[in-house]
1. Please work out how much length the chain gains when fully extended from Ala101 to Asp147, using 0.36 nm per residue of separation minus the C-alpha to C-alpha distance, in nm with one decimal.
2. Within 10 Å, count the other beta carbons around each residue, average over each peptide in 123-130, 135-142, 103-110, and list them highest first.
3. Does a label point 7 Å from the Cα of Glu91, set along Cα-to-beta-carbon, have any residues of the stretch 32-56 with amide nitrogen under 19 Å, and which are they?
4. Using the basic label-point model (7 angstrom from Cα toward the beta carbon), what is the Lys126 to Asp12 distance in nanometres?
5. Can you list the lysines whose alpha carbon is less than 27 Å from that of Lys125, not counting same-chain residues fewer than 8 positions off?
6. For every helix of n ≥ 4 consecutive DSSP H residues, a contribution of -39,500 (n - 2.57) applies; sum these over the chain, divide by its total residues, and give [θ] at 222 nm rounded to the nearest 500 deg cm²/dmol.
7. Helix 103-120: angle to the longest alpha-carbon principal axis of the chain, degrees 0 to 90, nearest 10?
8. Among (i) 14; (ii) 45; (iii) 20, find the value of percent of Cα pairs over 28 Å apart that was calculated from the structure presented, and write down its label.
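Only the coordinates and a few stated rules stand behind these numbers; no lab work does. A quick note: this is a predicted structure, and the numbers were derived from the prediction, not measured. All Cβ positions, glycine included, derive from the backbone under ideal geometry; neighbour counts span all protein chains shown.
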Amino acid sequence: MFRIIVQETDFDVSTETRALAEASKGIGGINTFVGLVRDINDASDVSSLFLEHYPGMTEKQIETILQEAASRWDVQSATVIHRVGELCPGEQIVFVGVASAHRGDAFDACEYIIDYLKTRATFWKKEKSEEGTRWLETRQSDIESADAWTKS
């Protein structure tokens with residue numbers, strides 16, 4: 001079972017983790033990742049981050065990423081929640097949770113999902129700092145992390 005949610009409101013990690021456990025049978029572990037808005041980027045203090053997405057298309061892209069992860073590892077259930085709108089430093093921006101019969105599968109699938117969310121899911125990010133605003137591009141390090149999965 002996959003849950004994909006793109007929303008402006010915050011999420012509760014405990015509630016989402018519990019929902020993964022309740023949706024799964026025979027699991028041995030749940031691995032979660034929570035991403036936060038950075039307060040510094042490229043040596044500039046960040047005052048906010050604004051995220052936009054393409055409704056419908058973004059969720060389809062995330063669904064594809066989850067299906068790919070489930071084809072590689074034993075994924076009983078997975079949840080991706082990604083926030084949009086204006087967020088402040090320290091706020092939660094993304095939740096990825098994976099339930100599996102084995103911890104290794106849960107860890108690997110969770111890392112795979114976040115690596116591909118950063119590079120293949122359509123989100124536009126505009127950062128605000130004292131220097132003004134700027135649209136962010138995908139970091140080379142994120143591209144390299146995602147590319148590493150094609151070699152494993």
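1. Contour length minus the Cα-Cα distance gives 13.9 nm.
2. 103-110, 123-130, 135-142
3. Inside the label zone: 34-41, 45-55.
4. 3.3 nm
5. Lys60
6. Working: 4 runs with 53 residues, N = 152.
Helix-only estimate at 222 nm: -11000 deg cm²/dmol.
7. 40 degrees
8. (iii)
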